[in-house]
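Input: a single structure, listed below in structure tokens.
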Amino acid sequence: MNTLYVDIDDTLVTWLPDGDTWQVNTDVLAKALAWEGPVVLWSGGGRDYAEMWGDRLLPQLDWTASAKVNPGVEEGDLFIDDSPFDAWKHACIHPRDLSS
């Protein structure tokens, strides 16, 4: 089963210019909720940081949290990330490309 990897900062959550106020990216949230397979929330801020946002924004979804590390790309995996690693740019969608 294919995995969806969702970055936190500037992808699932965007920070407003004051640096203290955030808003959820509803397009990314909708994609995560509609995904039919494992969802991994991840962040360069670490697993605990990703877990905090998952608890806050996706309590109804079965997800796991991870630090942002190269997981090894499987065919069919998808990454929604504002700053993808070169190794999986072919399988990555920038959050701005989800809006209709």
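A few points about this structure:
- Annotation: of all residues in region 1-35 being assigned to a strand (DSSP E or B) and among the aromatic types (Phe, Trp, Tyr), the one that is farthest from Gly72 (Cα to Cα) is Trp22.
- Within region 1-43, considering residues that are small (Gly, Ala, Ser) and more than 15 Å from Asp81 (Cα to Cα), the one farthest from the chain's Cα centre (by Cα): Gly19
- Leading residue by the ranking (surrounded by the fewest Cβ atoms within 10 Å (Cβ to Cβ)) among those in region 36-70 that are of a type in the set (Ser, Thr, Tyr) and part of a strand (DSSP E or B): Thr64
- Val73 being within 13 Å of the chain's Cα centre (by Cα) and of a type in the set (Val, Ile, Thr): no
- Remark: pairs (first residue in region 46-72, at positive phi and free of Cβ contacts under 8 Å to residues at least 24 places away in the same chain; second residue surrounded by fewer than 17 Cβ atoms within 10 Å (Cβ to Cβ) and among the aliphatic types (A, V, I, L, M); Cβ separation under 7 Å; 6+ apart in sequence or on different chains) = Gly46/Ala67.
- Boolean, Ala50 is within 10 Å of the chain's Cα centre (by Cα), small (Gly, Ala, Ser) and at pLDDT 85 or above: yes
- Filter result for the condition that a residue is out of contact with any helix residue (DSSP H, G or I) (no Cβ under 9 Å at 6 or more places or on another chain) and loosely packed, with under 11 Cβ neighbours inside 10 Å, over Thr21, Thr3: Thr21
- Of the residues examined, Thr14 is not one that is modelled with pLDDT of 90 or more, among the hydroxyl-bearing types (Ser, Thr, Tyr) and loosely packed, with under 13 Cβ neighbours inside 10 Å.
The values are calculated or read from the model by the stated rules, or taken from the named source; none is laboratory data. From a predicted model like this one, the values you see are computed outputs, not experimental measurements. Note that we place each Cβ from the backbone using ideal geometry, even for glycine, and neighbour counts take in every protein chain shown.
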